[in-house]
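The values are calculated or read from the model by the stated rules, or taken from the named source; none is laboratory data. Everything numeric here is computed off the predicted structure, so don't read it as measured data. Every residue, glycine as well, gets a Cβ built from its backbone with ideal geometry; the counts of neighbours run over all protein chains shown.
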Amino acid sequence: MKVNVTVNGRAYERDVEPRTLLAYFLREDLGLTGTHVGCDTSSCGCCVVVLDGDRAVKSCTMFAVAADGHEITTVEGLEQNGVLHPLQQAFWDSHGLQCGYCTPGMMMTLVAFLKQNPKPDKHEIREAISGNLCRCTGYQNIVKAAEQAAAELSKAAEPQTAGVK
Amino acid sequence: MFPAAFDYLQAHSADEALAALAQHGGDARVLAGGQSLIPAMRFRLAQPAILLDINPIAELAYMREGDGFLEIGACERDAALEVSPIIASRYHLIADASKLVADPVVRQSGTVVGSLCHNDPAGDWPTVALASRAQLTIRNSKGSRTVAADDFFVDSFSTAVADGEMAFSVRFPTPSGRTSGSYQKIERKVGDFATASAAVQLTLADDGTIRDAGIAIGAVGPKATRVAAAEALLNGQKPTRDLIRAAAEEAKKIADPSPDQRGSAEYKREMAGVLVARGLVASLGRLGVKGEA
């Protein structure tokens, strides 16, 4: 079955089996391995990508064919022209990752969340990532990074979020 | 874990969906948010020959209040309920549950109607629908019918929706007068299936007696269950601590839990009672009744 999707601003057309899950489509058909597969059962949040700019979805729990005609942003789409996205920079600055396995899902969940709630408090950030498991950091530095990114993004407003429409 | 192969169809209108269901009958499953169905397919617990994706039907993603109901369409996602000012102000039971379904990312895809149709024994929305006296609108290519929540949930993972039919919306009666509610749930972690849950909705009469009590428990039996005996105890009475305790006992009597890694049957039965009591106290607190309760 034909699928036409725009991923990180680039249009792709591929022929896939309907049962192909979006996570595997991104990783294996498009070679975008930044999207990780953790639990593979919709529980851990490693595979989160952003659909149509503001909706976080677990890509292990969506079929690639259902993404036909939609825009997807993966972690690879965050950096623009060699400049890290404020969330990436904040994760770096605050040491918001250790092994890095959950990080793409954390960041994509937060990309959508900060669109919906640009000035969250600590508690709201913790709520927002409550479906994303991290086994290394204890979450403290992830929350710190999210706070830094929120401040940065609301200061910079529109231009910095280009590509993550 | 990949699902068994299936044919994928998209419906772009209600008529298209109903025509496809009329043609394929029981071979087809409807895909809305997919947050329960897709995992079930991955575990091969569901192996539909045809998957009918209704997400493109934009007009089914709605929530509107009128004619004495809050109506939620089949494509409206849980996340929309969470931020709805109407729900926050008047539908306290729904507001509570909307923050506790699965996890925040799942709620951006999952739908209320889809959850009702999936009818997982540990699902949140069936319990809420029973306690708040919801109704479902079911259609096929020939017509439409309305089914009360009491008659909708047939057994674990099975509902009144027949082959060739689709649930189009759920309608929650708009609370009148002094009404509040509360949803209580024990889960090991965010996103886990409930260990036990309880939904409570209370309307008080002018004299402070309970005019209408709605109570249901979830995850402690083959399906969400109304605790009619507790409702009967409460109706017409002034809320007291003893009455709440007696209502909780009725929930424990009707609970029929299975032991699993979340707890023993004994523990879950106990929790069904505890959660009903907590739900009653919370609802009364929201209605400004503290004192004896």
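Can you confirm whether region B:18-33 contains a residue that is under 18 Å from the mean Cα position of the chain (by Cα), in contact (Cβ under 8 Å) with a residue 60 or more places away in the chain and in the same structural domain as residue B:157 (by TED's automatic domain parsing)?
No, because not a single residue in region B:18-33 is under 18 Å from the mean Cα position of the chain (by Cα), in contact (Cβ under 8 Å) with a residue 60 or more places away in the chain and in the same structural domain as residue B:157 (by TED's automatic domain parsing).
Of all residues in region B:1-43, how many are within 14 Å of residue A:61 (Cα to Cα) and not in a strand (DSSP E or B)? If you could, list the steps in order and put the result at the bottom.
First, the residues of region B:1-43 that are within 14 Å of residue A:61 (Cα to Cα): B:1-3, B:31-43.
Next, from what is left, pick out any that are not in a strand (DSSP E or B): B:1-3, B:32-43.
The qualifying residues number 15.
Considering only residues that are out of contact with any Ser or Thr (no Cβ under 8 Å at 6 or more places or on another chain) and facing another protein chain (nearest Cβ under 9 Å), which ones fall in region B:3-42?
B:3, B:4, B:5, B:6, B:7, B:8, B:10, B:31, B:41, listed by residue number.
Considering only region B:45-55, I want to know if a residue exists there that is out of contact with any Phe, Trp or Tyr (no Cβ under 9 Å at 6 or more places or on another chain), surrounded by fewer than 16 Cβ atoms within 10 Å (Cβ to Cβ) and not assigned by TED's automatic domain parsing to the domain that holds residue B:108.
No, the conditions are met nowhere in region B:45-55.
Which ones in region A:60-87 are of a type in the set (S, T, N, Q), surrounded by 19 or more Cβ atoms within 10 Å (Cβ to Cβ) and away from chain B (no Cβ under 11 Å)? I'd like the intermediate steps shown before the answer.
Initial filter on region A:60-87 (of a type in the set (S, T, N, Q)): A:61, A:73-74, A:80-81.
With the extra rule that they be surrounded by 19 or more Cβ atoms within 10 Å (Cβ to Cβ), the set shrinks to A:61, A:73-74.
Listed by number, the residues that qualify are A:73, A:74.
Within region A:25-59, which residues are at the interface with chain B (Cβ under 8 Å from one of its Cβ atoms) and under 15 Å from residue B:39 (Cβ atoms)? Lay out the reasoning, then the answer.
From region A:25-59, those at the interface with chain B (Cβ under 8 Å from one of its Cβ atoms) are A:40-43, A:45, A:48, A:55-58; that's our starting set.
Across region A:25-59, the qualifying residues are A:40, A:41, A:42, A:43, A:45, A:57, A:58.
Suppose we keep only residues that are without any contact (Cβ under 8 Å) to a residue 60 or more places away in the chain and of a type in the set (A, V, I, L, M) within region A:126-157. Which one would you say is surrounded by the fewest Cβ atoms within 10 Å (Cβ to Cβ)?
Restricting to residues being without any contact (Cβ under 8 Å) to a residue 60 or more places away in the chain and of a type in the set (A, V, I, L, M), the top hit is A:157.
Between a first residue in region A:96-117 that is among the aromatic types (Phe, Trp, Tyr) and a second residue that is in a helix (DSSP H, G or I), which pairs have beta carbons less than 6 Å apart while being 6 or more apart in sequence or on different chains?
Pairs that qualify, where the first residue is among the aromatic types (Phe, Trp, Tyr) and the partner is in a helix (DSSP H, G or I), are A:113/A:128.
Out of B:123, B:191, report the one residue that is within 17 Å of residue B:102 (Cβ to Cβ), small (Gly, Ala, Ser) and at pLDDT below 95. Talk me through it step by step, then tell me what you get.
Values: B:123 fails: at pLDDT below 95.
From the options B:123, B:191, the qualifying one is B:191.
Which ones in region B:21-44 are surrounded by 21 or more Cβ atoms within 10 Å (Cβ to Cβ) and on the phi < 0 side of the Ramachandran plot? Before the answer, list the steps.
Of all residues in region B:21-44, those surrounded by 21 or more Cβ atoms within 10 Å (Cβ to Cβ) come to B:21, B:28, B:30-38, B:41.
B:21, B:28, B:30, B:31, B:32, B:33, B:35, B:36, B:37, B:38, B:41 - these are the residues of region B:21-44 that are surrounded by 21 or more Cβ atoms within 10 Å (Cβ to Cβ) and on the phi < 0 side of the Ramachandran plot.
Residues of region A:20-54 being in a loop (DSSP other than H, G, I, E, B) and either farther than 30 Å from residue B:187 by Cβ or in contact with a strand residue (DSSP E or B) (Cβ under 7 Å, 6 or more places away or on another chain) (or both), which ones?
Correct list: A:20, A:30, A:31, A:32, A:33, A:34, A:35, A:42, A:45, A:47, A:52, A:53.
Against the definition (farther than 29 Å from residue B:24 by Cα and either of a type outside the set (Gly, Ala, Ser) or assigned by TED's automatic domain parsing to the domain that holds residue B:20 (or both)), how does residue B:116 come out, yes or no?
no
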